[in-house]
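To start, the structure under review is shown below, and the notes come after it.
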Amino acid sequence: MSLAGQYLALQLLIVLAVLVAVAAISLAQSAADFERIEGRRALSAAEALGANPTVRALLPDAEPRVGSALPAVAESVRTVSGSSHVAIAKLDGTVVTSSDPSLLGQPLELGESRVMQGRAWTGTVGGSGSQTLSAHVPVLDDSGRMIGIASISRHYPSVLERLGDAVPNLLTYLGIASVLGVAGSLLLARRVKRQTLGMEPSEITGLVENREAMLHGLKEGVVALDPHQRVTVANDSARELLGLPADCVGKDLAALAVDPALKEVLTQEQVDPDRLVLVGERLVVLNRVPIRSRGRNIGAVTTLRDRTE
């Protein structure tokens, strides 16, 4: 795969990861918004139901049945509020009116509600399979005594429903991120290729491997220095002729304790072909060639030949 293709694949993976993270955050945010907004609506509807004069008058003597005035009031509140379920229960928790007839006579599911303490409450009721957002409000008689409970509930939207609501935003984020990612990867690939003389990573690897094999196969010594007099290349023959350590690459000539005469030849500015230098007991011929790239000095390469014999 080309360098541009690798960058593009990496950018697309990053975009996908960001999209998943955004989707998770959107789901969490939508759940929080649902609880906040719908909780207020449910509480307002429950308060209206609990304060209804008909409910307050009939609840003390109400019995669990369908045909009475209480179901009509409850259904009216459910329709106006858009709630999923409405229920009215007596003080002992027995449901006397419900939009679900199967719950009549059953105890009202309160969960962690504090309504029995005489306080209005909003929260989640039910298990993970059928959770509802419920609001419970105490129903009070004219003397302020609690006589029952008004309950308004709404089913939580499913994950698919919440994702469906978030799809327009997610598609917008995906489109923007994809365009930026593709453009960024192409620009980055072009910049890197300019710096690597248009070569792909595999070509650079092959070039380095061939260079290393060639350098270490030469009988002549080869030493390369950067503009700061640090050794960048030193093959086996050069290290043997100059007595350099195996880890000399990357080190400054001064740190390698190179002979002053040899250092002068290796670092001089002008080209001086076939310069004879005595290195220990060896007579070595040095040829130094400065290297420039795009008009900029990037160092020098010196070849060494043993002429002792």
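Taken together, the values in this text are just the output of simple stated rules run on the coordinates, not laboratory data. Quick caveat, the model's predicted, so the values are computed rather than measured. Don't worry about glycine lacking a Cβ; one is built from the backbone with ideal geometry, like all the others, and counts go over all protein chains shown.
What do you get when you divide the Cα radius of gyration of region 3-160 by 2.2 N^0.38 Å, with N the number of residues?
Numbers: Rg = 21.1 Å, N = 158, 2.2 N^0.38 = 15.1 Å.
Here the answer is 1.40, to two decimals.
Taking 22 Å as the straight-line reach from the Cα of LYS90, none of the lysines fall in range once those fewer than 8 positions away in the same chain are excluded.
Mind sorting ARG275, ARG190, ARG36 by how few other Cβ atoms lie within 10 Å of their own Cβ, fewest first?
ARG36, ARG190, ARG275
Helix content alone sets the calculated 222 nm mean residue ellipticity of the chain: runs of n ≥ 4 DSSP H residues at -39500 (n - 2.57) each, divided across all residues, give -15000 deg cm²/dmol.
Other residues lying with their Cβ under 15 Å from the Cβ of HIS228 contribute a combined charge of +1, Lys and Arg counting +1, Asp and Glu -1.
Charged neighbours of SER44, selected by a Cβ distance under 15 Å, balance to +2 (K, R count +1; D, E count -1).
Over the C-alpha atoms of region 215-306, the Rg to Rh ratio, Rh being the Kirkwood estimate, stands at 0.93.
In the chain, Cα pairs under 8 Å separated by at least six residues give a relative contact order of 14 percent.
For region 215-306, what relative contact order do you get, as a whole percent, if you take Cα pairs closer than 8 Å and at least 6 residues apart? Relative contact order for region 215-306 comes out at 29 percent.
With the dipole of the chain worked out from charges on the C-beta (+1 for Lys and Arg, -1 for Asp and Glu) around the Cα centre, which of TYR156, GLY105, VAL167 lies farthest toward the positive end? Sorting the options by dipole projection puts first VAL167. If you line up the long axis of helix 3-50 against the longest principal axis of the chain, both from Cα atoms, how many degrees apart are they, to the nearest 10? The angle comes out at about 20 degrees. Please give the helix 69-81 orientation as an angle from the longest Cα principal axis of the chain, in degrees from 0 to 90, rounded to the nearest 10. In the chain, helix 69-81 runs at an angle near 30 degrees to the longest axis. Spherically averaged projected area of the convex hull of Cα atoms, the chain: 27.8 nm².
Mean separation of Cα pairs under 8 Å and 6 or more residues apart, divided by the residue count, gives region 258-309 a relative contact order of 29 percent.
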